[in-house]
Amino acid sequence: MSLIIGVLKESEDKRVAITPDNIKRSKVKDAQWWIEKDAGADSGFTDSAYGTVGKVVSRQEIFQQSDIIVSIFPPAEGEFGSIRKEALLISQFRPYQDETVQGKLANQSFKAISMDMIPRTTLAQAMDVLSSMASIAGYKAVILAAQQLPRYFPMMITSAGSIRPAKVLVIGAGVAGLQAIATARKLGAIVEAFDVRSAAKEEVQSLGAKFVEVEGAKDDKGAGGYAVQQSEEFLTRQRAEVQSRATKSDVIICTAQVRGRKAPVLIEAATIPQMKHGSVIVDLAASTGGNCALTENGKTIVKNGVTIIGNSQLEVEMPEDASQMYGNNVLNLLAHITKDGALNLRMEDEIVKGSLIKA
Ligand code: NAD
């Protein structure tokens, strides 16, 4: 008996969890791939392309027949009852943001793996959707800012005069921040960056940016690579430092987050009128409150001539590559949890232990 792996169409996302190319590369022995009709319509993958590597079916057929179901975000709670009892649902449940998730799954018979709970270890790096999506968002944030900025990014020396390079400030040098630094540097900007994790300093410098240090940050190596909540006294000093840099910047990319908590507010409302006219802030921390006090999640606003883009889902704006990368992460997980064409969930395995949120 071969495994049936079903791929759902997303209701509120342009991405798809598995692409035809992913399926071609899959190493799951004898798997049958069932894809919901129009699953790749918004990311550029047609039903006929899926038809060459799998079977295009209805949503109900996937729910009722699949051994494994994959999606970017879980189906609505109202659909849980349609899912086969023995199935494994692989999605991003975001339990660290939504406390009701565990309760909603508790009464169900199917199993669930949350891709965003896979431990951030070296072994699991190839399955890390948070990193692959953050990397796209960091890149796209700089591209958006460059498009919005009424000035050049690189230095230009022309017969019509010389242009100085743009100054970009990156707040938070995790996966998204580092990609934003690399992209802004490639476009020729002068870049400086803040972070509270000591490991970030070397990474920032290796990309040719200046690391701005605020003394006294709490750094916890036991936090799984994540930052820990800083004291109010530290954040006040950091805000003062951010303010002095912000007023000289053309672009600020905000990515500072503390997992499971509200994002630290590092750009105060009073800083905005002191910034240069035409400057751009892209706030990737918008969904957890934003690093800028004036950010509105899901909106682009202009205050005192400063454009503030609040968007924590910029990866969705690059759905083709984002789907491809998410799919690769899922395939690497599937290779880890299947053996000889059957599901092989080893409960003692660190990756399974961390991500199996419903057994
Ligand atoms: P994240 O999205 O949770 O946070 C983004 C960044 O904001 C982090 O670098 C964090 O330190 C920073 N931050 C938090 N509070 C701040 C403040 N007050 N001021 C400035 N910066 C602040 O983090 P992330 O990008 O998902 O990952 C963070 C780190 O986790 C990575 O850089 C890496 O070290 C580690 N990681 C490891 C692996 C792996 O080994 N497989 C994979 C991914 C990430």
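The values are calculated or read from the model by the stated rules, or taken from the named source; none is laboratory data. Keep in mind that what you see is a predicted model, and the values were worked out from it rather than measured. No Cβ is skipped: glycine too gets one built from the backbone with ideal geometry, and neighbour counts run over all protein chains shown. All accessible areas refer to the heavy atoms of the entire protein, side chains included, with ligands and DNA or RNA removed. Shrake-Rupley method; radii C 1.70, N 1.55, O 1.52, S 1.80 Å.
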| So which residues in segment 29-56 are in contact (Cβ under 8 Å) with a residue 24 or more places away in the chain, β-branched (Val, Ile, Thr) and either open to solvent by 10 Å² or more (accessible area, probe 1.4 Å) or under 24 Å from Ile357 (Cα atoms) (or both)? | Thr52, Val53
| remark: Within segment 223-232, the count of residues that are near the ligand (Cβ under 9 Å from one of its atoms) and of a type in the set (Ser, Thr, Tyr) comes to 1
| task | Show the residue pairs that are 6+ apart or on different chains and have beta-carbon atoms under 6 Å apart, the first residue being within segment 114-125 and without any contact (Cβ under 8 Å) to a residue 60 or more places away in the chain, the second being near the ligand (Cβ under 8 Å from one of its atoms) and assigned to a helix (DSSP H, G or I). | result | Asp116/Leu130
| field | Identity of the residue in segment 165-194, closer than 20 Å to Asn291 by Cα and β-branched (Val, Ile, Thr), that ends up nearest to the ligand (Cβ to nearest atom) | value | Val175
| Residue within segment 141-150 that is within 16 Å of the ligand (Cβ to nearest atom) and either closer than 25 Å to Asp321 by Cβ or over 18 Å from the mean Cα position of the chain (by Cα) (or both) present | yes
| message | Name the single residue that is surrounded by the fewest Cβ atoms within 10 Å (Cβ to Cβ) among those in segment 250-277 being touching an Asp or Glu at 6+ places or on another chain (Cβ under 8 Å) and under 23 Å from Pro150 (Cβ atoms). | response | Lys276
| query | Given the conditions (1) closer than 30 Å to Gly305 by Cα; (2) at pLDDT 95 or above; (3) surrounded by fewer than 14 Cβ atoms within 10 Å (Cβ to Cβ), and given that Ser206 satisfies all but one, which numbered condition is not satisfied? | reply | (1)
| Quick one: would you say Ala322 is out of contact with any helix residue (DSSP H, G or I) (no Cβ under 9 Å at 6 or more places or on another chain), touching a residue at least 40 places away in the same chain (Cβ under 8 Å) and either within 22 Å of Gln97 (Cβ to Cβ) or open to solvent by 20 Å² or more (accessible area, probe 1.4 Å) (or both)? | no
| message | Looking only at segment 75-90, filter to residues that are assigned to a loop (DSSP other than H, G, I, E, B) and within 13 Å of Lys111 (Cβ to Cβ); which one of those is most open to solvent (accessible area, probe 1.4 Å)? | response | Lys85
| task | Please find, among Ser114, Ser135, the residue that is in contact with a Phe, Trp or Tyr (Cβ under 6 Å, 6 or more places away or on another chain) and within 16 Å of the ligand (Cβ to nearest atom). | result | Ser114
| said: What are the pairs with Cβ atoms under 9 angstrom where one residue, in segment 153-175, is touching a residue at least 60 places away in the same chain (Cβ under 8 Å) and the other, located anywhere, is part of a strand (DSSP E or B) and open to solvent by 60 Å² or more (accessible area, probe 1.4 Å)? Sequence gap at least six, or different chains. | reply: Ala166/Ile190; Lys167/Ile190; Val168/Ile190
| Taking segment 278-313 as the region of interest, how many residues are open to solvent by less than 30 Å² (accessible area, probe 1.4 Å) and at positive phi? | 3
| remark: Cβ pairs under 9 Å, 6+ apart or interchain, first in segment 189-208 and touching a residue at least 12 places away in the same chain (Cβ under 8 Å), second surrounded by fewer than 22 Cβ atoms within 10 Å (Cβ to Cβ) and hydroxyl-bearing (Ser, Thr, Tyr), ordered by first then second residue, are Arg197/Tyr226
| task | Could you please let me know if Arg197 is within 16 Å of the ligand (Cβ to nearest atom) and either closer than 24 Å to Gly305 by Cα or open to solvent by less than 50 Å² (accessible area, probe 1.4 Å) (or both)? | result | yes
| note | Checked segment 200-222 for anything more than 9 Å from the ligand (Cβ to nearest atom) and among the aliphatic types (A, V, I, L, M); matches are Val204, Leu207, Ala209, Val212
| request: Go through the residues of segment 221-238 one by one and say whether even a single one is among the β-branched types (Val, Ile, Thr) and surrounded by fewer than 17 Cβ atoms within 10 Å (Cβ to Cβ). | output: yes
| message | Suppose we filter Arg164, Arg94 for residues that are basic (Lys, Arg), within 24 Å of Phe211 (Cβ to Cβ) and surrounded by fewer than 21 Cβ atoms within 10 Å (Cβ to Cβ); which single one remains? | response | Arg164
| query | Within segment 91-191, which helices (runs of 4 or more DSSP H) (wholly inside it) include 2 or more residues that are under 28 Å from Gly6 (Cβ atoms)? | reply | 101-106, 129-148
| If you take the residues of segment 122-131 that are within 6 Å of the ligand (Cβ to nearest atom) and more than 23 Å from Val101 (Cβ to Cβ), which of them is modelled with the highest pLDDT? | Gln125
